[in-house]
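Worksheet for the structure shown next.
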Amino acid sequence: MKEITKQQIITIHTLLRNKGLSEEKPRIVSEASGMRTIRCSKLYYDEAQNLINMLNGKKPTDHRPRTTDKGDKMRKHIIAMAHEIGFIRKEKVVIIQQPGEIIEKNNYDDLHKWIEKFGYLHKPMDKYTYKELPTLVTQFKQVYASKIKLK
């Protein structure tokens, strides 16, 4: 996944400041990243572009960036297993655009913390290369199997 550019970071901060939303930045960035991060510098290029479009009053191109990353299928496999064993929780979130509207979003914090702490390379899942992911998938399958046996 392509990383955010310095120009995008500057643009986001400027737009937030001009709209009086600077104090809301962590929540806005969290929503833009699908609850993955609260730091603007950790957004992916497509997430940042969608946030810029939204702040400019334009429709985002897509809620989730489409990637051609070969490892995406393996990451999705890990996420699917994590859903089944409760590593991903549903949370209710209030949306900015329609005040008071509450929606449910997935919270991936437990999964990301586990991968960084116990994953064999101790780094975020999106930083694993295509060649490194099969080992991580195998490792997570073992956790999945042990949790399923306990149920």
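Read-outs throughout are calculated quantities, based only on the coordinates presented, and are distinct from any laboratory measurement. Not measured: the values here are computed from a predicted model. When we count neighbours, we look across all protein chains shown, and the Cβ atoms used for this are built from the backbone with ideal geometry, even at glycine.
What dipole magnitude, in Debye to the nearest 20, does region 6-55 give about its Cα centre under +1 on Lys/Arg Cβ and -1 on Asp/Glu Cβ?
Using Cβ point charges on Lys, Arg, Asp and Glu, region 6-55 gives about 160 debye.
Kirkwood Rh over Cα pairs of region 6-55 into Stokes-Einstein at 25 °C, 0.890 mPa s: D in µm²/s?
After rounding, the answer is 236 µm²/s.
Describe numerically, in nm with one decimal, the distance between label points set 7 Å from Cα along Cα→Cβ at Gln142 and at Arg27.
Once both label points are built, they end up 4.2 nm from each other.
Given H placed 1.01 Å from N in the peptide plane, which residues other than close sequence neighbours of Asn107 have an amide H under 5 Å from its amide H?
Arg89, Lys90, Glu91
Quick one: Karplus J couplings for region 3-10, per residue in order, coefficients 6.51, -1.76, 1.60, θ = phi - 60°, nearest Hz, x for Gly and Pro?
7, 4, 9, 4, 5, 5, 4, 4
Name all residues of region 119-139 having a backbone nitrogen under 13 Å from the label point set 7 Å from the Cα of Arg39 along its Cα→Cβ direction, giving them as ranges.
Zone members listed by number: 124.
Report, in listed order, any pair from Lys105/Lys141; Lys76/Lys131; Lys19/Lys90; Lys73/Lys127; Lys19/Lys58; Lys6/Lys58 with a Cα-Cα distance greater than 19 Å.
Distance filter (> 19 Å) returns Lys105/Lys141; Lys19/Lys90; Lys6/Lys58.
Counting alpha carbon pairs within less than 8 Å and at least 6 residues apart, what relative contact order, in whole percent, applies to region 6-55?
Taking the mean separation of contacting Cα pairs over the length of region 6-55, I get 41 percent.
Could you give the length gained on full extension between Leu121 and Lys73, defined as 0.36 nm per residue of separation minus the Cα-Cα distance, in nm?
Extra length available between Leu121 and Lys73 comes to 15.4 nm.
Starting from 0.36 nm per residue, how many nanometres of slack lie between Lys90 and Leu15 once their C-alpha separation is accounted for?
Working it through step by step, the gained length comes to 24.0 nm.
Using DSSP to define loop residues, name the trypsin sites (Lys or Arg not before Pro) in region 1-59 whose beta-carbon has at most 14 other beta-carbon atoms within 10 Å.
Sites meeting the loop and neighbour criteria: Lys2, Lys19, Arg39, Lys58.
Can you compute the helix-only [θ] at 222 nm over the chain? Use -39500 (n - 2.57) per DSSP H run of at least 4 residues, normalise by all residues, nearest 500 deg cm²/dmol.
-15500 deg cm²/dmol
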